[in-house]
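A.B. asks: Below is the structure I would like to discuss, written out as structure tokens.
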Amino acid sequence: MKRITILLLLVSSLVYSQKKRSTKVGSVTKEEVQMASYEKDTTANALVLYEHANTYLSERDNLDFKTDYYHRIKLFDRKSFHRATVKIRLYQKEKSKGIEAYSYNIEDGVVKKTKLVAKEIYKKQLDQNWKEVVFTIPNINKGTVIEYQYSVVTPYLSIDDWYFQSDIPKLESDFSISYLGNYKYNSRLIGFQKFSKNEQKVEKRCVNIPGVGYGNCANFYYGMQDVPAFKEEDYMLSKENFLSRISFDLISITNTDGRIKKYTQTWKDADMSIKDDFLDGQTSKKKFFFKNLPKPILEITNPLEKAEKIYQYIQNRFAWDGRYWTQKRINLKEVFEERNGSVDAINLSLYNSLKAANIESYIVMIATRNRGMPTRLYPITTDFNYVIVKAVVGNKTYFLDATDKFLPFGQIPLRSLNGEGRVLDFIKGSYWEEIQPAVKTSTKIRVNIAMDENVVFTGNISVEKKGYHAIDTRRDLSKMGEDDYLENLENTSVDYEIEDYKVQNLNNLNESLLETLKLESDEGAVSSDKILVNPFLFYRFSENPFKLKTRNYPVDFGYPTRYTYIISLKIPKEYKVTKKPETVGFKLPNNGGMFLLRVGEVKDGTITLNYRYQIKKRIFSTEEYHYLKEFLNKIIKIQASHIELEKI
């Protein structure tokens, strides 16, 4: 009882001063209700006028953390009406309090205020850990302003991230927090927006603790103004990497007797924790796999060939169940017998198999592209959600993932290309390493086509694909079947039908995928003396994926890529070329990419055109976005050009 009393005295003044910072309902103005649009983003269907979260220790709630939330939002049109339904997610012992909500509309020239009634607040259990409190603010129309507040009380020491940015613009967003000085948190700003408020203050001797002395308080106030809406676009990592927010991670708590309880580990401690707890001690099973791997594989003397055969054996033995790193107890012996499992189970089996064959190998922890990138400042094991294997053969590094039937040795799925991974070396010490595929990605296309006197085009195309282009095609053929695959290819062509199709190395994953197509045009003779022929038959850009005026986060293609295209068009003697595309070349800044088109003269009735398009790096900065966008616009314009033929 004495301990509780001391704690109450410790926080009494802190609670009082911090609680006053919470924002209360009743701040809506007539001008806000009359607002017709937001001049800085006229496309916005809603606008956050003001929002504030205030976190502090609550004396009335057994000194648990309490966060008071306040939101005021303008709804411009029907697309925003779903924002009037508010969902409060609560974990286990968390509880909500003080829900109060209103809508504001203009009726007969005056502001009408409609209150949410308590009976319209509902609770439901989502699963054994999560429940949800839901309410819908009444009387919603075009132009309505909604205003609501609520509090969440939590017995847990973790502090939820506060998002200053969302999918709608915000005029002002604030977050304040106060906690005892013996609590130590790491705070980090994520995203590209800047603070308009950033107050951090330690109040010395702010409270008197009887029998102990004076204690300190830590007070923080963060704010942003005129925050633009976050707009997603192609070729980006998870938006969690870029949405502007403040994040807190508990490091330690110092007790009154000076003892320190640590919550954030060193990387060395975290590596061992991952090995023993999260990987469930399944990294030392090489004896089992040595006994169960086919003996002919283990007897191979060439290390690279042996590693490849082990990879293929695990890849073909197991079926992936679709789960990533489960962070649950697994038994590799059971998984081996059942022949299916999660990413961690399959790739741990691969790791142990390689170790059994004396192949230098390591477990690598990563986060997939749909997750936020792990922070390197200090270990947060929950940042990781995926496990791959690093193998070193002949001083060359190969990253491996045996969950995908279409991946060749040394290639990992696109979902895993998210920057760096944590390589777990339990002897020399773990480290970060950039995850790169071993095989470069490219497509080379050779077209030979002829036009007869009836303006019927026939010809052949040979295609060679490597890297992810080959992987994607193998997967498409497997999932879609050859007929649907060819139909989809015809839909992207310029008035041609595929008469015959052959594919080589479909199942030989370590070789280039080779396709041969026989083509014929859809139509015959035309009445006009002039004919326009688009020489770019397949693999054209249909539209530019980059449409934003500005993009506040980088473009991430995942990997560099290269296309080479050569076409030879034979023309009947009754026609001549009167117009053709011009030879042209241009590059991206910072050696980011290039495009080169060469157009030859007619020789022996044949005109040859070839181009090379190359993206030379994976990531383009926000400053490079405009150049990349214009680069693709130029290519699209070129691919829409024609060779003009005229009858002699």
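The values are calculated or read from the model by the stated rules, or taken from the named source; none is laboratory data. Since the structure is predicted, the reported quantities are computational estimates derived from the model, not experimental observations. In this analysis, Cβ positions are derived from the backbone assuming ideal geometry, glycine residues included, and neighbour counts consider all displayed protein chains. All accessible areas refer to the heavy atoms of the entire protein, side chains included, with ligands and DNA or RNA removed. Shrake-Rupley method; radii C 1.70, N 1.55, O 1.52, S 1.80 Å.
A.B. asks: In this structure, does K79 turn out to be closer than 24 Å to F175 by Cα and either outside any strand (DSSP E or B) or touching a residue at least 12 places away in the same chain (Cβ under 8 Å) (or both)?
C.D. replies: It is false that K79 is closer than 24 Å to F175 by Cα and either outside any strand (DSSP E or B) or touching a residue at least 12 places away in the same chain (Cβ under 8 Å) (or both).
A.B. asks: Of all residues in the stretch 51-81, how many are over 15 Å from L180 (Cα atoms) and of a type in the set (F, W, Y)?
C.D. replies: Summing the residues that are over 15 Å from L180 (Cα atoms) and of a type in the set (F, W, Y) in the stretch 51-81 gives 4.
A.B. asks: Assess whether T154 counts as being crowded, with 18+ Cβ neighbours inside 10 Å and among the β-branched types (V, I, T).
C.D. replies: Here the answer is yes, as T154 does meet what is asked.
A.B. asks: What number of residues in the stretch 527-558 are acidic (D, E) and either farther than 30 Å from G191 by Cα or surrounded by fewer than 12 Cβ atoms within 10 Å (Cβ to Cβ) (or both)?
C.D. replies: 2
A.B. asks: Six or more apart or on different chains, Cβ under 8 Å: which pairs go from a residue in the stretch 234-247 that's touching a residue at least 12 places away in the same chain (Cβ under 8 Å) to one that's aliphatic (A, V, I, L, M) and open to solvent by less than 20 Å² (accessible area, probe 1.4 Å)? Could you list them?
C.D. replies: The qualifying pairs are Y235/V555; M236/V555; S244/M224; S244/V227.
Yes or no, residue by residue, for (1) in a helix (DSSP H, G or I); (2) in contact (Cβ under 8 Å) with a residue 40 or more places away in the chain; (3) among the aromatic types (F, W, Y); (4) under 14 Å from N385 (Cα atoms):
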{"site": "I310", "(1), (2), (3), (4)": "yes, yes, no, no"}
{"site": "I314", "(1), (2), (3), (4)": "yes, yes, no, no"}
{"site": "G322", "(1), (2), (3), (4)": "no, no, no, yes"}
{"site": "W325", "(1), (2), (3), (4)": "no, yes, yes, yes"}
{"site": "E334", "(1), (2), (3), (4)": "yes, no, no, no"}
{"site": "E337", "(1), (2), (3), (4)": "yes, no, no, no"}
{"site": "D344", "(1), (2), (3), (4)": "yes, yes, no, yes"}
{"site": "N347", "(1), (2), (3), (4)": "yes, yes, no, yes"}
{"site": "N352", "(1), (2), (3), (4)": "yes, yes, no, no"}
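Conditions tested, residue by residue: (1) aromatic (F, W, Y); (2) closer than 28 Å to I274 by Cβ.
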{"position": "N418", "(1), (2)": "no, yes"}
{"position": "F426", "(1), (2)": "yes, yes"}
{"position": "Q436", "(1), (2)": "no, yes"}
{"position": "V439", "(1), (2)": "no, no"}
{"position": "V447", "(1), (2)": "no, no"}
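A.B. asks: Can you find, within the stretch 282-323, the residue that is modelled with the highest pLDDT among those that are loosely packed, with under 15 Cβ neighbours inside 10 Å and of a type in the set (S, T, Y)?
C.D. replies: T301
A.B. asks: Looking only at the stretch 409-434, count how many residues are surrounded by fewer than 22 Cβ atoms within 10 Å (Cβ to Cβ), of a type outside the set (K, R), closer than 14 Å to Y468 by Cβ and in contact (Cβ under 8 Å) with a residue 40 or more places away in the chain.
C.D. replies: Residues flagged as surrounded by fewer than 22 Cβ atoms within 10 Å (Cβ to Cβ), of a type outside the set (K, R), closer than 14 Å to Y468 by Cβ and in contact (Cβ under 8 Å) with a residue 40 or more places away in the chain within the stretch 409-434 amount to 1.
A.B. asks: A further question on this structure: Check off (1) among the hydrophobic types (A, V, I, L, M, F, W, C); (2) over 30 Å from K309 (Cα atoms); (3) in contact with a Leu (Cβ under 7 Å, 6 or more places away or on another chain) for L489 and give me the number that stays unchecked.
C.D. replies: (3)
A.B. asks: Please determine whether any residue of the stretch 533-546 is at pLDDT 95 or above, over 27 Å from the mean Cα position of the chain (by Cα) and of a type outside the set (A, V, I, L, M).
C.D. replies: no
A.B. asks: Could you tell me which residue of the stretch 224-278 is farthest from the chain's Cα centre (by Cα), considering only residues that are of a type in the set (A, V, I, L, M, F, W, C) and surrounded by fewer than 18 Cβ atoms within 10 Å (Cβ to Cβ)?
C.D. replies: Step by step, filter the stretch 224-278, then rank; the result is I260.
A.B. asks: Does the stretch 489-499 contain any residue that is under 30 Å from E646 (Cα atoms), within 35 Å of the chain's Cα centre (by Cα) and acidic (D, E)?
C.D. replies: Yes, that holds for at least one residue.
A.B. asks: Additional query: When you look at N370, is it in contact (Cβ under 8 Å) with a residue 60 or more places away in the chain, open to solvent by 10 Å² or more (accessible area, probe 1.4 Å), under 21 Å from M272 (Cα atoms) and out of contact with any helix residue (DSSP H, G or I) (no Cβ under 6 Å at 6 or more places or on another chain), yes or no?
C.D. replies: Spelling it out, it is not the case that N370 is in contact (Cβ under 8 Å) with a residue 60 or more places away in the chain, open to solvent by 10 Å² or more (accessible area, probe 1.4 Å), under 21 Å from M272 (Cα atoms) and out of contact with any helix residue (DSSP H, G or I) (no Cβ under 6 Å at 6 or more places or on another chain).
A.B. asks: Only one of K444, K502 is touching a residue at least 40 places away in the same chain (Cβ under 8 Å) and not aliphatic (A, V, I, L, M); which?
C.D. replies: The conditions single out K444.
A.B. asks: Identify the residue in the stretch 592-627 that is farther than 24 Å from I435 by Cα and hydrophobic (A, V, I, L, M, F, W, C) and, among all such residues, is nearest to the chain's Cα centre (by Cα).
C.D. replies: The residue in question is M594.
A.B. asks: Another question, if that's okay. What pairs come up if the first residue lies in the stretch 144-173 and is at positive phi, the second is open to solvent by less than 10 Å² (accessible area, probe 1.4 Å), and their beta carbons are under 9 Å apart, counting only those six or more places apart or on different chains?
C.D. replies: Within 9 Å, no pair qualifies.
A.B. asks: Within the set of pairs 6+ apart or on separate chains, which have a first residue in the stretch 272-292 that is basic (K, R), a second that is at pLDDT 90 or above and part of a helix (DSSP H, G or I), and C-beta atoms under 6 Å apart?
C.D. replies: These pairs meet every condition: K285/N352; K286/N352; K286/K355; K286/A356.
A.B. asks: Can you tell me which residues in the stretch 111-132 are farther than 25 Å from N45 by Cβ and part of a strand (DSSP E or B)?
C.D. replies: I121, Y122, K123, K124, Q125, W130, K131
A.B. asks: Which one is nearest to T42 (Cα to Cα), of the residues in the stretch 163-177 that are assigned to a strand (DSSP E or B) and open to solvent by less than 20 Å² (accessible area, probe 1.4 Å)?
C.D. replies: Out of the qualifying residues, it is K170.
A.B. asks: Look through T583, T578, T516 and report the one residue that is free of Cβ contacts under 8 Å to residues at least 24 places away in the same chain, of a type in the set (S, T, N, Q) and either in contact with an Asp or Glu (Cβ under 8 Å, 6 or more places away or on another chain) or farther than 30 Å from E434 by Cα (or both).
C.D. replies: Residue meeting the stated conditions: T583.
A.B. asks: Look through the stretch 559-578, keep the residues that are of a type in the set (V, I, T) and in a strand (DSSP E or B), and return whichever of them is surrounded by the fewest Cβ atoms within 10 Å (Cβ to Cβ).
C.D. replies: Step by step, filter the stretch 559-578, then rank; the result is T578.
A.B. asks: Still on this structure, please answer the following. When the residues of the stretch 381-439 are narrowed to those that are outside any loop (DSSP other than H, G, I, E, B) and of a type in the set (G, A, S), which ends up farthest from F318 (Cα to Cα)?
C.D. replies: G421
A.B. asks: To continue, here is another question. For residues that are over 21 Å from F76 (Cβ atoms), free of Cβ contacts under 8 Å to residues at least 40 places away in the same chain and among the hydroxyl-bearing types (S, T, Y), tally how many sit in the stretch 93-143.
C.D. replies: Here the count works out to 1.
A.B. asks: Which of the residues that make up the stretch 127-146 are of a type outside the set (S, T, N, Q), crowded, with 17+ Cβ neighbours inside 10 Å and touching a Ser or Thr at 6+ places or on another chain (Cβ under 9 Å)?
C.D. replies: Listed by number, the residues that qualify are V133, F135, I137, I140, V145, I146.
A.B. asks: Hey, another quick one. Within the stretch 88-106, does at least one residue satisfy the condition of being surrounded by 15 or more Cβ atoms within 10 Å (Cβ to Cβ), part of a helix (DSSP H, G or I) and modelled with pLDDT of 95 or more?
C.D. replies: Taking every residue of the stretch 88-106 in turn, none turns out to be surrounded by 15 or more Cβ atoms within 10 Å (Cβ to Cβ), part of a helix (DSSP H, G or I) and modelled with pLDDT of 95 or more.
A.B. asks: Given the conditions (1) part of a strand (DSSP E or B); (2) among the charged types (D, E, K, R); (3) at pLDDT 95 or above, and given that K66 satisfies all but one, which numbered condition is not satisfied?
C.D. replies: (3)
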